[in-house]
Amino acid sequence: MRKLLVPAIVGGAILGGIIAGATIAGAASSNSSSYADDRAAIQDLQARYLFALDWGDANTYASTFAPDGVLDYAGGVEKGRKQIHDSIEQFHQNMLKAGAGSNLRPSATRHNITNMVIKVDGNHATGRAYWVEFNDNNPDRKAQLGAYGHYEDTMEKIDGKWYFTSRKIFNEQLADHAAGQTNPAW
């Protein structure tokens, strides 16, 4: 009996150690993220930003920025979530006023983002992407290209979530916000 008990105890201890080691390794890997995980989270950030912009959701829009984030766009440079929120809220109110008094349904704007280039370095990232804006702001409410340009972003992962620390918006319809002749995507 004793001959059987010792190997069973030793075997159980070894198996227990393997299971414990695997559990610890699994927990450690779930606390870190891969490039694919970070890229997916950054792409989600980009999409949430654009949905919030198109639906005039200033709260969600501002929440895509770090607390001290900077938005540099045709309307100026906004610093911090409150300024960013207030700017987008005003933009949305101006859009609503522009369509007021018309018999037409309110016009809609939809932004799309393409050609994302993202570099991740730990909890920091830089990104470049094209954006295109379509709208139906015309008497027939037919789709039309409104504007296009590109973004130049810096981002930071704070408490496991990605935020814009700065976003510069280039707009090819505006001479003072058009891109230069150098490829911005490295």
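Screening LYS82 against (1) surrounded by 14 or more Cβ atoms within 10 Å (Cβ to Cβ); (2) assigned to a helix (DSSP H, G or I) leaves a single unmet condition, (1).
Scanning region 36-56 for residues that are free of Cβ contacts under 8 Å to residues at least 60 places away in the same chain, of a type in the set (A, V, I, L, M, F, W, C) and either assigned to a helix (DSSP H, G or I) or within 15 Å of GLU152 (Cα to Cα) (or both) turns up ALA36, ALA40, PHE51, ALA52, LEU53. Could you grab the pairs with beta carbons closer than 8 Å, sequence gap of 6+ or different chains, first residue in region 77-90 and within 11 Å of ASP57 (Cα to Cα), second one in a helix (DSSP H, G or I) and of a type outside the set (A, V, I, L, M, F, W, C)? What qualifies is HIS85/ASN59; HIS85/TYR61; ILE88/TYR61. Restricted to region 64-79, and to residues there that are of a type outside the set (D, E, K, R) and surrounded by fewer than 16 Cβ atoms within 10 Å (Cβ to Cβ), the residue that is farthest from GLN173 (Cα to Cα) is PRO67. Has region 57-69 got any residue that is within 23 Å of ASP44 (Cβ to Cβ), touching a residue at least 24 places away in the same chain (Cβ under 8 Å), part of a helix (DSSP H, G or I) and touching a Phe, Trp or Tyr at 6+ places or on another chain (Cβ under 6 Å)? No, region 57-69 has no match at all. Is it the case, given these coordinates, that GLY160 is more than 14 Å from the chain's Cα centre (by Cα), surrounded by fewer than 17 Cβ atoms within 10 Å (Cβ to Cβ) and small (Gly, Ala, Ser)? Criteria not met by GLY160.
Bear in mind these aren't lab numbers, they're just calculated from the coordinates by the rules spelled out. Since we're looking at a predicted model, the values are computed, not measured. Because the Cβ atoms are built from the backbone with ideal geometry, glycine has one as well, and the counts that use them run over all protein chains shown.
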